[in-house]
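Contents: one structure, followed by commentary.
The values are calculated or read from the model by the stated rules, or taken from the named source; none is laboratory data. A quick note: this is a predicted structure, and the numbers were derived from the prediction, not measured. Cβ placement follows ideal geometry from the backbone for every residue including glycine, while neighbour counts extend to all protein chains displayed. SASA here: full protein model, heavy atoms, side chains in, ligands and nucleic acids out. Shrake-Rupley method; radii C 1.70, N 1.55, O 1.52, S 1.80 Å.
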Amino acid sequence: MRTADIVCGVTLALVAVVVVVEGLQLGVGWSTDGPRAGFFVFYLGIALFIAAVLVVAGAARRASTSRHFATPAQIRSVATVFFPAAAMVILTHVVGLYVSGALYLAAYMRWIGRHRWVTTVLVAIGIPVAAFLIFEVWFLVPLPKGPLETRLGY
């Protein structure tokens, strides 16, 4: 666990440096109408860097108590979340966000949650339809669409 904490902390510190540099490029001072675009980005990056240093320092002080990062059961638990989410991201590029979201919700509710079919179908259809109405119709914010939305004229 110690090694994983150190790797995670160092990775977060690198991300924080990128965020800080981006904030500096956008500008961190004040303009006539308030903070410049990089103000909050910069300070969030600083906070992330401090948190990463604390994670690395805490892990470095601690003795390693285990040879394994995770048990097989823990890895299975993470995989049951990771692989369906990764499949949804990949499917979004093929069938669009709404259809992939419906498939993800249905698979996750049925497989992980073990909900009844009626509940699964209602939620898996209802949430993407509600999201479609909110983003595409009311707010006019286009999200990734696939062949189904194209057939519907969107």
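At-a-glance table
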read-out: Selection from region 39-68 of residues that are surrounded by 13 or more Cβ atoms within 10 Å (Cβ to Cβ) and part of a loop (DSSP other than H, G, I, E, B); value: none
read-out: Test: Gly29 is open to solvent by less than 50 Å² (accessible area, probe 1.4 Å), out of contact with any helix residue (DSSP H, G or I) (no Cβ under 7 Å at 6 or more places or on another chain) and small (Gly, Ala, Ser); value: yes
read-out: Pairs where the first residue, in region 1-30, is over 14 Å from Ala52 (Cα atoms) and touching a residue at least 60 places away in the same chain (Cβ under 8 Å) and the second is outside any helix (DSSP H, G or I) and open to solvent by less than 70 Å² (accessible area, probe 1.4 Å), C-beta under 7 Å, 6+ apart; value: Met1/Ser66
read-out: Tabulated pairs, region 80-103, first under 19 Å from Leu152 (Cβ atoms), second of a type in the set (Val, Ile, Thr) and open to solvent by less than 50 Å² (accessible area, probe 1.4 Å), C-beta under 6 angstrom, 6+ apart or interchain; value: Ser100/Thr92
read-out: Residue that is least open to solvent (accessible area, probe 1.4 Å), among those in region 88-147 that are part of a loop (DSSP other than H, G, I, E, B) and under 26 Å from Arg76 (Cα atoms); value: His115
